[in-house]
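Engineer: Here's a structure for you.
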Amino acid sequence: MRVDFAPSEQSSVGIEWELALVDLASGELTPAAPQLIEACGGGEDAPVRKEYLQEMVELVSGVHRVVGDAVADIAASLDLARREASGLGVGLVGAGTHPFSRASAQPRFSGERYDVVAERNAWWGRQMAICGTHVHVGVDHRDKALPITSALARFYPYLLAVTCSSPYWEGEDTGYASQRTMLFQQLPTNGLPWPMSGWAEFEEYAEDLARSGMITVPGEIRWDVRPSPRFGTVENRTGDSVPTLAELGCVAALTQCFAEHASRSLAADATYESLPPWLVRENKWRAARYGMDAEVITPRRQRPVPLREGLAQWLERLEPVARDLGCEAELRFASDLAERGASYERQRAAGEPRAALDLLLAETGRATPFDR
(Lines give C-alpha, C1' and ligand atoms only; values in the text may rest on other atoms or scores of the structure.)
Protein backbone atom coordinates (compact mmCIF):
# COMPACT_ATOMS: atom_id res chain seq x y z
CA MET A 1 0.00 0.00 0.00
CA ARG A 2 1.42 3.36 -1.00
CA VAL A 3 1.28 5.81 1.90
CA ASP A 4 2.21 9.33 0.84
CA PHE A 5 3.69 11.54 3.54
CA ALA A 6 3.12 15.27 3.00
CA PRO A 7 6.07 17.00 4.71
CA SER A 8 5.32 20.04 6.86
CA GLU A 9 7.32 22.70 8.68
CA GLN A 10 9.65 20.99 11.14
CA SER A 11 8.38 21.22 14.73
CA SER A 12 5.24 23.16 13.90
CA VAL A 13 2.54 22.18 16.39
CA GLY A 14 -1.19 21.50 16.60
CA ILE A 15 -3.33 20.31 19.51
CA GLU A 16 -6.46 18.15 19.78
CA TRP A 17 -8.14 18.28 23.20
CA GLU A 18 -10.96 15.90 24.07
CA LEU A 19 -13.42 17.05 26.74
CA ALA A 20 -16.22 15.16 28.48
CA LEU A 21 -19.72 16.64 28.74
CA VAL A 22 -21.32 16.54 32.18
CA ASP A 23 -24.87 17.31 33.28
CA LEU A 24 -24.40 20.03 35.88
CA ALA A 25 -27.41 18.91 37.92
CA SER A 26 -26.43 15.25 38.36
CA GLY A 27 -22.71 15.26 37.60
CA GLU A 28 -23.21 12.35 35.19
CA LEU A 29 -21.94 12.19 31.62
CA THR A 30 -24.55 13.46 29.20
CA PRO A 31 -24.94 12.89 25.41
CA ALA A 32 -25.09 16.58 24.57
CA ALA A 33 -22.48 16.61 21.80
CA PRO A 34 -24.97 16.83 18.87
CA GLN A 35 -26.63 19.95 20.29
CA LEU A 36 -23.36 21.54 21.42
CA ILE A 37 -21.58 20.97 18.10
CA GLU A 38 -24.51 22.41 16.17
CA ALA A 39 -24.59 25.43 18.46
CA CYS A 40 -20.85 25.95 17.89
CA GLY A 41 -21.18 25.90 14.11
CA GLY A 42 -20.80 22.20 13.30
CA GLY A 43 -18.86 20.84 10.34
CA GLU A 44 -15.93 18.45 9.93
CA ASP A 45 -13.37 21.25 10.00
CA ALA A 46 -14.94 23.29 12.81
CA PRO A 47 -12.83 23.88 15.94
CA VAL A 48 -15.41 21.99 18.06
CA ARG A 49 -15.93 18.50 16.63
CA LYS A 50 -17.60 15.21 17.37
CA GLU A 51 -15.85 12.08 18.57
CA TYR A 52 -16.91 8.43 18.91
CA LEU A 53 -19.30 8.98 21.84
CA GLN A 54 -21.97 11.65 22.24
CA GLU A 55 -20.75 12.56 25.73
CA MET A 56 -17.58 14.21 24.49
CA VAL A 57 -16.28 16.79 22.04
CA GLU A 58 -12.87 17.55 20.60
CA LEU A 59 -11.36 21.02 20.34
CA VAL A 60 -8.83 21.34 17.51
CA SER A 61 -6.26 24.08 17.00
CA GLY A 62 -4.79 25.23 13.74
CA VAL A 63 -1.11 24.75 12.84
CA HIS A 64 1.27 27.03 14.74
CA ARG A 65 4.98 27.54 15.17
CA VAL A 66 4.71 28.35 18.87
CA VAL A 67 2.93 26.29 21.54
CA GLY A 68 1.48 29.38 23.21
CA ASP A 69 -0.33 30.31 20.00
CA ALA A 70 -1.79 26.81 19.66
CA VAL A 71 -3.04 26.96 23.27
CA ALA A 72 -4.56 30.40 22.67
CA ASP A 73 -6.31 28.99 19.61
CA ILE A 74 -7.76 26.18 21.72
CA ALA A 75 -8.74 28.63 24.48
CA ALA A 76 -10.83 30.64 22.01
CA SER A 77 -12.71 27.49 20.98
CA LEU A 78 -13.15 26.59 24.64
CA ASP A 79 -14.74 29.96 25.36
CA LEU A 80 -17.25 29.34 22.57
CA ALA A 81 -17.98 25.79 23.72
CA ARG A 82 -18.45 26.85 27.35
CA ARG A 83 -20.86 29.64 26.44
CA GLU A 84 -23.03 27.31 24.42
CA ALA A 85 -22.74 24.45 26.94
CA SER A 86 -23.91 26.62 29.82
CA GLY A 87 -27.21 27.20 28.04
CA LEU A 88 -27.67 23.44 27.87
CA GLY A 89 -26.93 22.94 31.57
CA VAL A 90 -23.70 21.17 30.59
CA GLY A 91 -20.19 21.44 32.00
CA LEU A 92 -16.90 20.57 30.27
CA VAL A 93 -14.38 18.28 31.96
CA GLY A 94 -10.75 17.70 30.97
CA ALA A 95 -9.77 14.28 32.35
CA GLY A 96 -8.92 10.86 30.99
CA THR A 97 -12.03 9.33 32.57
CA HIS A 98 -15.16 10.51 34.36
CA PRO A 99 -14.82 9.60 38.05
CA PHE A 100 -18.08 7.68 38.40
CA SER A 101 -20.38 7.53 35.32
CA ARG A 102 -20.92 4.14 33.71
CA ALA A 103 -19.11 3.90 30.38
CA SER A 104 -21.39 1.39 28.68
CA ALA A 105 -24.41 3.68 29.23
CA GLN A 106 -23.02 6.32 26.87
CA PRO A 107 -24.52 6.43 23.34
CA ARG A 108 -22.24 6.73 20.35
CA PHE A 109 -22.52 8.49 17.05
CA SER A 110 -23.59 6.35 14.10
CA GLY A 111 -21.74 6.14 10.80
CA GLU A 112 -19.80 3.56 8.83
CA ARG A 113 -16.47 4.14 10.59
CA TYR A 114 -17.98 4.19 14.08
CA ASP A 115 -20.20 1.19 13.33
CA VAL A 116 -17.11 -0.85 12.43
CA VAL A 117 -15.37 0.20 15.65
CA ALA A 118 -18.42 -0.83 17.70
CA GLU A 119 -18.86 -4.20 15.96
CA ARG A 120 -15.19 -5.18 16.01
CA ASN A 121 -14.48 -4.18 19.59
CA ALA A 122 -17.69 -5.39 21.26
CA TRP A 123 -17.40 -5.01 25.07
CA TRP A 124 -14.14 -3.05 24.87
CA GLY A 125 -15.74 -0.66 22.41
CA ARG A 126 -18.42 0.09 24.99
CA GLN A 127 -15.74 1.12 27.50
CA MET A 128 -14.33 3.94 25.38
CA ALA A 129 -15.74 6.76 27.53
CA ILE A 130 -12.20 8.13 27.71
CA CYS A 131 -10.65 11.45 26.67
CA GLY A 132 -7.12 12.18 25.52
CA THR A 133 -4.80 14.99 24.51
CA HIS A 134 -3.18 14.63 21.09
CA VAL A 135 -0.25 16.76 19.93
CA HIS A 136 0.89 16.91 16.30
CA VAL A 137 4.46 17.97 15.55
CA GLY A 138 5.50 18.80 12.00
CA VAL A 139 8.14 16.70 10.23
CA ASP A 140 9.92 18.11 7.19
CA HIS A 141 10.97 14.81 5.59
CA ARG A 142 9.27 11.44 5.40
CA ASP A 143 12.42 9.56 6.39
CA LYS A 144 12.41 11.27 9.80
CA ALA A 145 8.81 10.35 10.64
CA LEU A 146 9.39 6.82 11.96
CA PRO A 147 12.58 7.64 13.91
CA ILE A 148 10.79 10.55 15.61
CA THR A 149 7.82 8.25 16.30
CA SER A 150 10.16 5.78 18.03
CA ALA A 151 11.92 8.57 19.90
CA LEU A 152 8.66 9.92 21.33
CA ALA A 153 7.62 6.40 22.35
CA ARG A 154 10.94 6.11 24.21
CA PHE A 155 9.93 9.24 26.19
CA TYR A 156 6.48 7.81 26.93
CA PRO A 157 6.67 7.94 30.75
CA TYR A 158 7.38 11.68 30.83
CA LEU A 159 4.75 12.52 28.21
CA LEU A 160 2.13 10.50 30.08
CA ALA A 161 3.04 11.48 33.65
CA VAL A 162 2.40 15.21 33.13
CA THR A 163 -1.14 14.38 31.91
CA CYS A 164 -2.22 11.47 34.15
CA SER A 165 -5.78 12.36 35.15
CA SER A 166 -7.80 9.14 35.32
CA PRO A 167 -7.40 7.44 38.71
CA TYR A 168 -11.14 6.68 39.03
CA TRP A 169 -13.30 4.38 36.94
CA GLU A 170 -17.03 4.01 37.53
CA GLY A 171 -16.71 5.18 41.13
CA GLU A 172 -13.69 3.10 42.11
CA ASP A 173 -10.09 4.16 42.65
CA THR A 174 -8.26 1.88 40.22
CA GLY A 175 -4.83 2.36 41.80
CA TYR A 176 -3.64 3.63 38.40
CA ALA A 177 -2.67 7.21 37.64
CA SER A 178 -4.00 6.68 34.10
CA GLN A 179 -6.79 4.13 33.81
CA ARG A 180 -7.45 5.56 30.34
CA THR A 181 -4.08 4.22 29.14
CA MET A 182 -5.00 0.68 30.12
CA LEU A 183 -8.37 0.88 28.36
CA PHE A 184 -7.15 2.60 25.20
CA GLN A 185 -4.57 -0.09 24.41
CA GLN A 186 -7.21 -2.83 24.17
CA LEU A 187 -8.33 -1.92 20.64
CA PRO A 188 -6.67 -3.91 17.82
CA THR A 189 -4.42 -1.32 16.15
CA ASN A 190 -3.83 0.74 19.30
CA GLY A 191 -0.83 0.53 21.60
CA LEU A 192 2.85 1.15 21.15
CA PRO A 193 4.32 1.63 17.65
CA TRP A 194 6.17 -1.26 16.10
CA PRO A 195 9.89 -0.52 15.54
CA MET A 196 10.48 -0.14 11.79
CA SER A 197 13.58 0.47 9.73
CA GLY A 198 12.08 2.67 7.02
CA TRP A 199 8.99 4.03 5.30
CA ALA A 200 8.75 1.05 2.93
CA GLU A 201 8.32 -1.21 5.94
CA PHE A 202 5.50 1.02 7.23
CA GLU A 203 3.80 0.75 3.85
CA GLU A 204 4.14 -3.04 3.95
CA TYR A 205 2.66 -3.04 7.45
CA ALA A 206 -0.31 -0.95 6.29
CA GLU A 207 -0.76 -3.30 3.34
CA ASP A 208 -0.77 -6.35 5.62
CA LEU A 209 -3.41 -4.78 7.87
CA ALA A 210 -5.57 -3.78 4.90
CA ARG A 211 -5.27 -7.19 3.25
CA SER A 212 -6.26 -8.93 6.47
CA GLY A 213 -9.27 -6.65 6.97
CA MET A 214 -7.89 -4.85 10.06
CA ILE A 215 -7.97 -1.39 8.45
CA THR A 216 -9.29 0.27 5.32
CA VAL A 217 -7.07 3.39 5.43
CA PRO A 218 -3.74 4.10 7.18
CA GLY A 219 -5.48 6.56 9.51
CA GLU A 220 -7.02 3.57 11.29
CA ILE A 221 -3.57 2.68 12.64
CA ARG A 222 -4.07 4.13 16.11
CA TRP A 223 -0.68 3.76 17.77
CA ASP A 224 0.02 5.76 20.93
CA VAL A 225 2.57 7.67 18.84
CA ARG A 226 2.10 7.49 15.08
CA PRO A 227 3.01 9.14 11.80
CA SER A 228 0.11 11.16 10.42
CA PRO A 229 0.93 11.12 6.69
CA ARG A 230 -1.93 13.39 5.56
CA PHE A 231 -0.78 16.22 7.86
CA GLY A 232 2.96 15.55 7.62
CA THR A 233 3.27 15.14 11.37
CA VAL A 234 4.08 12.73 14.13
CA GLU A 235 1.15 12.57 16.53
CA ASN A 236 1.61 12.02 20.26
CA ARG A 237 -1.54 10.30 21.55
CA THR A 238 -0.10 9.09 24.86
CA GLY A 239 -1.69 11.69 27.12
CA ASP A 240 -4.89 11.76 29.13
CA SER A 241 -7.04 14.83 28.67
CA VAL A 242 -6.04 17.53 31.14
CA PRO A 243 -8.11 20.20 32.86
CA THR A 244 -6.06 23.39 32.60
CA LEU A 245 -4.46 25.38 29.81
CA ALA A 246 -1.08 25.27 31.56
CA GLU A 247 -1.15 21.46 31.52
CA LEU A 248 -2.22 21.50 27.87
CA GLY A 249 0.68 23.77 27.00
CA CYS A 250 3.06 21.65 29.03
CA VAL A 251 2.40 18.38 27.20
CA ALA A 252 2.47 20.21 23.87
CA ALA A 253 5.84 21.81 24.69
CA LEU A 254 7.32 18.56 25.98
CA THR A 255 6.20 16.77 22.79
CA GLN A 256 7.50 19.53 20.53
CA CYS A 257 10.87 19.68 22.31
CA PHE A 258 11.41 15.91 22.35
CA ALA A 259 10.54 15.75 18.63
CA GLU A 260 12.90 18.62 17.79
CA HIS A 261 15.64 17.04 19.93
CA ALA A 262 15.26 13.80 17.95
CA SER A 263 15.26 15.70 14.65
CA ARG A 264 18.50 17.49 15.57
CA SER A 265 20.11 14.22 16.67
CA LEU A 266 19.23 12.64 13.34
CA ALA A 267 20.65 15.63 11.47
CA ALA A 268 23.87 15.58 13.51
CA ASP A 269 24.81 11.92 13.31
CA ALA A 270 21.77 9.99 11.97
CA THR A 271 21.08 8.46 15.40
CA TYR A 272 18.83 9.01 18.40
CA GLU A 273 18.64 7.47 21.84
CA SER A 274 16.57 4.31 21.72
CA LEU A 275 15.30 1.71 24.15
CA PRO A 276 14.36 -1.92 23.43
CA PRO A 277 10.61 -2.25 22.78
CA TRP A 278 10.07 -4.51 25.78
CA LEU A 279 11.47 -1.80 28.06
CA VAL A 280 9.41 0.90 26.33
CA ARG A 281 6.37 -1.26 27.09
CA GLU A 282 7.39 -1.61 30.74
CA ASN A 283 7.93 2.15 31.06
CA LYS A 284 4.46 2.76 29.64
CA TRP A 285 2.89 0.50 32.25
CA ARG A 286 4.89 2.03 35.09
CA ALA A 287 3.84 5.57 34.16
CA ALA A 288 0.18 4.53 33.82
CA ARG A 289 0.30 2.78 37.19
CA TYR A 290 2.38 5.18 39.27
CA GLY A 291 2.41 8.48 37.37
CA MET A 292 5.01 10.85 38.81
CA ASP A 293 6.06 8.19 41.34
CA ALA A 294 7.13 5.73 38.62
CA GLU A 295 10.69 4.56 38.18
CA VAL A 296 11.82 4.80 34.57
CA ILE A 297 14.23 2.52 32.72
CA THR A 298 16.71 4.59 30.67
CA PRO A 299 19.02 3.65 27.76
CA ARG A 300 22.16 4.80 29.51
CA ARG A 301 21.77 3.00 32.81
CA GLN A 302 19.41 0.12 32.10
CA ARG A 303 18.23 0.52 35.67
CA PRO A 304 15.29 2.39 37.16
CA VAL A 305 15.54 6.13 37.77
CA PRO A 306 12.83 8.05 39.66
CA LEU A 307 10.62 9.69 37.06
CA ARG A 308 10.83 13.07 38.74
CA GLU A 309 14.63 12.89 38.62
CA GLY A 310 14.68 11.86 34.97
CA LEU A 311 12.15 14.54 34.08
CA ALA A 312 14.22 17.24 35.77
CA GLN A 313 17.31 16.13 33.84
CA TRP A 314 15.46 16.23 30.54
CA LEU A 315 13.93 19.64 31.25
CA GLU A 316 17.42 21.02 31.75
CA ARG A 317 18.69 19.27 28.63
CA LEU A 318 15.78 20.54 26.53
CA GLU A 319 16.03 24.14 27.73
CA PRO A 320 18.02 25.37 24.68
CA VAL A 321 15.55 23.65 22.36
CA ALA A 322 12.61 25.23 24.17
CA ARG A 323 14.28 28.63 23.92
CA ASP A 324 14.62 28.23 20.16
CA LEU A 325 10.99 27.11 19.85
CA GLY A 326 9.57 29.79 22.15
CA CYS A 327 8.02 27.40 24.67
CA GLU A 328 10.28 27.81 27.71
CA ALA A 329 7.48 28.72 30.14
CA GLU A 330 5.24 25.87 28.98
CA LEU A 331 8.08 23.36 29.29
CA ARG A 332 9.06 24.57 32.78
CA PHE A 333 5.52 23.97 34.01
CA ALA A 334 6.37 20.26 34.08
CA SER A 335 8.47 21.03 37.17
CA ASP A 336 5.42 22.54 38.87
CA LEU A 337 3.40 19.42 38.15
CA ALA A 338 6.16 17.17 39.49
CA GLU A 339 6.42 19.24 42.66
CA ARG A 340 2.80 20.25 43.33
CA GLY A 341 0.77 17.44 41.81
CA ALA A 342 -0.52 16.22 38.45
CA SER A 343 -4.29 15.92 37.97
CA TYR A 344 -4.55 12.35 39.28
CA GLU A 345 -2.87 13.43 42.53
CA ARG A 346 -5.13 16.44 42.92
CA GLN A 347 -8.23 14.31 42.30
CA ARG A 348 -7.22 11.78 44.95
CA ALA A 349 -6.48 14.58 47.40
CA ALA A 350 -10.07 15.78 46.91
CA GLY A 351 -11.15 12.66 48.76
CA GLU A 352 -13.69 10.68 46.69
CA PRO A 353 -15.09 10.47 43.13
CA ARG A 354 -17.80 13.14 43.43
CA ALA A 355 -15.36 15.59 45.00
CA ALA A 356 -12.89 14.77 42.22
CA LEU A 357 -15.52 15.65 39.63
CA ASP A 358 -16.29 18.95 41.36
CA LEU A 359 -12.57 19.75 41.30
CA LEU A 360 -12.35 18.91 37.59
CA LEU A 361 -15.35 21.10 36.78
CA ALA A 362 -13.72 23.97 38.67
CA GLU A 363 -10.29 23.48 37.06
CA THR A 364 -11.24 22.83 33.44
CA GLY A 365 -10.39 25.84 31.33
CA ARG A 366 -8.46 27.65 34.07
CA ALA A 367 -5.05 29.05 33.25
CA THR A 368 -3.36 26.88 35.90
CA PRO A 369 -4.38 24.49 38.66
CA PHE A 370 -2.12 26.25 41.15
CA ASP A 371 -2.33 29.58 42.90
CA ARG A 372 0.71 31.59 41.97
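Engineer: If contacts are Cα pairs under 8 angstrom and at least 6 residues apart, what is the relative contact order of region 200-260 in percent?
Structural biologist: The value is 16 percent.
Engineer: Over the chain, with the other protein chains present, what is the accessible area per residue in square angstrom, probe 1.4 angstrom?
Structural biologist: Roughly 41 Å² per residue, with all protein chains present.
Engineer: Separate question: Give me Rg over Rh for region 271-340, both radii from the alpha carbons and Rh done the Kirkwood way, two decimal places.
Structural biologist: My calculation puts Rg/Rh at 1.00.
Engineer: Right, something else. Please report the accessible area of I297 (heavy atoms, 1.4 Å probe, ligands and nucleic acids excluded) in Å², nearest 10.
Structural biologist: Accessible surface of I297 is approximately 20 Å².
Engineer: What does the net charge come to around S197 if you take all other residues with beta carbon closer than 14 Å to its beta carbon, with K and R at +1 and D and E at -1?
Structural biologist: Residues near S197 contribute -2 overall.
Engineer: Give me the compactness ratio for region 24-123, meaning the Cα radius of gyration over 2.2 N^0.38 Å.
Structural biologist: Normalised Cα radius of gyration, region 24-123: 1.15.
Engineer: As a test question: what accessible area, to the nearest 10 Å², does D69 have when a 1.4 Å probe is rolled over all protein chains in place?
Structural biologist: Surface open to solvent at D69 totals about 80 Å².
Engineer: Given the rule -39500 (n - 2.57) for each run of at least 4 DSSP H residues, summed and divided by the residues of the chain, what is its mean residue ellipticity at 222 nm, to the nearest 500 deg cm²/dmol?
Structural biologist: -14500 deg cm²/dmol
Engineer: A further question follows. Enumerate by residue number the GluC sites (Glu not before Pro) in region 319-372 meeting two conditions: DSSP loop (anything except H, G, I, E, B), and at most 10 other Cβ atoms within 10 Å of the site's Cβ.
Structural biologist: Here no GluC sites (Glu not before Pro) fit, given the DSSP loop and packing criteria.
Engineer: Given a cut-off of 22 Å, what percent of all Cα-Cα pairs of region 98-257 lie beyond it?
Structural biologist: Here the long-distance tail beyond 22 Å is 46 percent of all Cα pairs in region 98-257.
Engineer: Over all Cα pairs of the chain, how is the pair count split among 10 Å bins, expressed in % and running from 0 up to the last occupied bin?
Structural biologist: 5, 26, 36, 25, 7, 0
Engineer: With a 1.4 Å probe and all protein chains in place, put L357, L245 in order of accessible area, largest first.
Structural biologist: Largest accessible area first, the residues go L245, L357.
Engineer: Normalised by the residues of region 294-347, what does the relative contact order come to in percent, with Cα pairs under 8 Å and at least six apart?
Structural biologist: 21
Engineer: In region 219-260, which trypsin sites (Lys or Arg not before Pro) are in a loop and have at most 13 other Cβ atoms within 10 Å, using DSSP for the loop call?
Structural biologist: Filter output for region 219-260: R230.
Engineer: Based on alpha-carbon atoms only, what is the radius of gyration of region 60-101 relative to the globular estimate 2.2 N^0.38 Å?
Structural biologist: 1.43
Engineer: Just to make sure I understand: if all protein chains stay in place, what is the order of W199, W194 by accessible area at 1.4 Å, largest first?
Structural biologist: W194, W199
Engineer: Quick one, what does Rg over Rh come out to for region 50-181 if you take C-alpha atoms and the Kirkwood Rh?
Structural biologist: Taking Rh as the inverse mean 1/r over Cα pairs, Rg/Rh reads 0.99.
Engineer: Moving on. Counting other C-beta atoms within 10 Å, and keeping those with at most 15, which DSSP coil trypsin sites (Lys or Arg not before Pro) do you find in region 1-62?
Structural biologist: In loop regions of region 1-62 (DSSP not H, G, I, E or B), the sparsely surrounded trypsin sites (Lys or Arg not before Pro) are R2.
Engineer: Let me check against my output: what whole-number percent is the relative contact order of the chain, with C-alpha pairs under 8 Å and at least 6 apart?
Structural biologist: This gives 23 percent for the chain.
Engineer: What is the sum of charges, Lys and Arg at +1 and Asp and Glu at -1, for the other residues whose Cβ falls under 12 Å from the Cβ of V321?
Structural biologist: Net of charged neighbours comes to -2.
The values are calculated or read from the model by the stated rules, or taken from the named source; none is laboratory data. All figures in this text were calculated on a predicted structure; none of them were measured in a lab. Note that each Cβ is placed from the backbone with ideal geometry, even for glycine, and that neighbours are counted across all protein chains shown. With ligands, DNA and RNA removed, areas are computed over all heavy atoms of the protein, side chains included. Shrake-Rupley method; radii C 1.70, N 1.55, O 1.52, S 1.80 Å.
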